[in-house]
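No value in this document is a laboratory result; all are computed from the given coordinates. As the structure is a prediction and not an experimental result, all values here were calculated from the model. With ideal geometry, Cβ positions are generated from the backbone for all residues, glycine too; neighbour counts draw on all protein chains shown.
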Amino acid sequence: MGVAACTYFTLAIVGISALFAYYNWNFETIVEFSGSFVNNESPSRIKVAESWSKLILQPQEEHRFKRIAVGVNGNVDIILKGSKLINALDSNASFPVYHLVDHPSLRNVKDLKETFAFHHAKGAGGERYMENGEEFRKILKAARTVDGTEYYIGGNAALMAQKLASLIPVGGEVAIGAPVGPKLKPLLHPLLQVPSSSFVDEDEYHIILEFSKGESWGGRVAPIASRFIFSHDVSNSHMSAFEPFIASLKDFKPDLIVISGLHLLESQERSYWKKRISDISELLRTLSSNIPIHVELASMANEDCTKEIATQIFPLVDSIGLNEQELWLLCRVDGGPHCSSHLSGPPSIPVANDIVGWMLKKYSSPRGSRLTRIHFHTLPFHVVAILTTSRWEKPSLVSYCRHPYCIHPSMR
């Protein structure tokens, strides 16, 4: 394919010279500098998030999308302190040390304890499917009784649609194609359009277990703050809303399509997710190449499913978004640079740049591939790689960053 343009990145504090990106900044350093942009009384992660909001510019009017369709995963998130829930479920409190086992899926409470303990000890986020619906409902009931439990919009598609609805210019519209039940509907932005085909009788729930940096639990100390997510989500794990979502595009007539939820397919049997990915790819082929499609990835553990998505879906979309977990996994399953077999946290900027550049060249190379853009995002910095043929070629369309910095003039 043609020569790739620059790889753009932005630091959390972009007013500092881009050369500082190569120093070994830790989270506390980033937060310290964030304090010059936001309220110093805010919690650390809120400081960084607020500083991003102040530093990212809105695109020029002529470059803004006016009609955005977002699908296809949505749910209600129940957020609580992970150790509180595990302790509430543990009838044998005299043995507080848990085995560290990263189960690819959860069958019961024991699997949940071991997998949460693994992520807590590593300081790693993650998401897993609970196979047993009865076990999940028992845990959900317990979660509702824990002090401090909160309810929010969940699912990448619903969250992105919610944010876009607050940013869309006057006269613009955002539609959400996802399972919307009686608990989720009142949480959504009033300007969000919900097709009648998206309404369901019961909401899907995801339980989010948070832990903080330095939190001592289960005989170990969390090195950084993060969260572990699990669910028994039937609608989203089957991507049941995908066909109705695609059908709704004919009437809505979007100028941008955003898709998330593919990661949830890995909870199903191999034969199911292989057929489902094939069905989804066929539907994507029916969409006009004049309408850009962005796919947002999320945490996965199944390497075969991940590779199938990369092979079948990536060439059919224009843009991909991912974080460090998906970056390492894709790199590992397809033999990319710098990759080891174990999660080792966010990469440095030069390493991220190498891997993102490799990904763009690999997945844009098949004949007829639409892929021209990859957006890697982690808390302290972003990397956006594009091809010169991309409709996002202009810097104002790449990242809306005040200080984009070109690392490589070419990614041949």
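Under 14 Å Cα-Cα from residue 213, which aspartates and glutamates qualify once same-chain neighbours fewer than 8 residues away are excluded?
Output for residue 213: 28.
What shape does the range 263-394 take by its C-alpha gyration tensor, where a ≥ b ≥ c are the square roots of the eigenvalues and a/c under 1.5 counts as rounded, a/b above b/c as prolate, and the rest as oblate? Spell out each step's value before the answer.
On the way: a/c = 1.90, a/b = 1.09, b/c = 1.74.
Here the range 263-394 falls in the oblate category.
Take residue 147 and residue 304, extend 7 Å from each Cα along the Cα→Cβ direction, and tell me the distance between the two endpoints in nm.
4.7 nm
With a ≥ b ≥ c the root eigenvalues of the C-alpha gyration tensor of the range 159-222, is it rounded (a/c under 1.5), prolate (a/b larger than b/c) or oblate? Provide the component values of the computation, followed by the final result.
Numbers: a/c = 4.59, a/b = 1.92, b/c = 2.39.
In terms of gyration-tensor shape, oblate.
Give me the net charge for the shell around residue 329: Cβ to Cβ below 10 angstrom, other residues only, Lys and Arg +1, Asp and Glu -1.
Values: positive: 307, 332; negative: 303, 324, 326, 334.
With Lys, Arg at +1 and Asp, Glu at -1, the net is -2.
Give the Debye-formula value of log10 I(q)/I(0) at each listed q (0.22 Å⁻¹), with one equal scatterer per alpha carbon of the range 134-262, two decimals each.
-1.37
Among rounded, prolate and oblate, which fits the range 333-387 when a ≥ b ≥ c are the square roots of the eigenvalues of its C-alpha gyration tensor, a/c under 1.5 means rounded, and a/b larger than b/c means prolate?
Numbers: a/c = 2.66, a/b = 1.44, b/c = 1.85.
Here the range 333-387 falls in the oblate category.
Expected output is a single nm value to one decimal: the length gained when fully extending between residue 100 and residue 367, i.e. 0.36 nm times separation in residues minus the C-alpha distance. What is it?
Working: separation 267, 0.36 × 267 = 96.12 nm, distance 4.39 nm.
Result for the pair: 91.7 nm of gain on full extension.
How charged is the neighbourhood of residue 272? Take every other residue with its Cβ under 15 Å from the Cβ of residue 272, and add Lys/Arg as +1 and Asp/Glu as -1. Don't skip to the end; give the middle numbers.
Working: positive: 270, 274, 275, 276; negative: 131, 233, 266, 269, 279, 304, 308.
Local charge sum for residue 272: -3.
By a straight-distance test (C-alpha under 30 Å), which lysines pair with residue 183 as possible cross-link partners, with residues fewer than eight away in the same chain excluded?
Excluding near neighbours in sequence, the set is 47, 66, 81, 84, 110, 113, 138, 141, 163, 250, 253.
Counting pairs of alpha carbon atoms under 8 Å apart in space and at least six apart in sequence, what relative contact order in percent does the range 351-395 give? Let's see the in-between values first.
Numbers: 43 pairs, mean separation 14.1, N = 45.
Computed value for the range 351-395: 31 percent relative contact order.
Within 10 Å, count the other beta carbons around each residue, average over each peptide in 201-212, 70-81, 112-123, 135-146, and list them highest first. Mind dumping the intermediate values first?
Numbers: 201-212: 19.2, 70-81: 24.9, 112-123: 21.6, 135-146: 15.8.
Order by mean packing, descending: 70-81, 112-123, 201-212, 135-146.
In the neighborhood of residue 230, defined by Cβ-to-Cβ distances under 14 Å, what is the net charge if each Lys or Arg adds +1 and each Asp or Glu adds -1? Could the numbers behind the result be given before it?
Details: positive: 107, 110, 113, 128, 137, 138, 227; negative: 77, 102, 111, 114, 127, 131, 135, 204, 210, 233, 266.
Combined, the nearby Lys, Arg, Asp and Glu give -4.
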